[in-house]
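To start, the structure under review is shown below, and the notes come after it.
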Amino acid sequence: MAASAQAIKQTVQQVLTEDVLTLQDARNELRHFLGHRPDKTTLYRWCLRGVRGVKLEHVRLGGRIITSRQAITRFIEARTKKA
């Protein structure tokens, strides 16, 4: 199995065994920290393009993008380290 395929498999297994959130749910979770809900396109961009090399771990499932509370925490930690 190629390295990228292995990484994808690991991400899928990790995200789906954690506290799963849709992007809408993730927006509501982030409201507590930011004081407002980030726009849905912001989270979508974090998943697809990332921010300065850091992407929000996610899984596409049934036409939806799924992430987790733990993935959001890892994203914030990684962004904080790069700042």
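Numbers at a glance
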{"read-out": "Amide proton proximity set for Ile65, modelled H, under 5 Å, gap of 5+", "value": "Leu23"}
{"read-out": "Stretchable slack from Asn28 to Gln13, in nm (0.36 nm times residue separation minus alpha-carbon distance)", "value": "3.0 nm"}
{"read-out": "Alpha-carbon spread of the chain, three principal axes, descending order, Å", "value": "43, 31, 20"}
{"read-out": "Helical mean residue ellipticity (222 nm; -39500 (n - 2.57) per DSSP H run of 4+; nearest 500) of the chain", "value": "-18500 deg cm²/dmol"}
{"read-out": "Reachable lysines from Lys9, criterion Cα separation under 21 angstrom, eight or more residues apart if same chain", "value": "Lys55"}
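Bear in mind that the values in this text are calculations on the coordinates, not laboratory data. Here the structure is a predicted model, which is why all the values come from computation and not from measurement.
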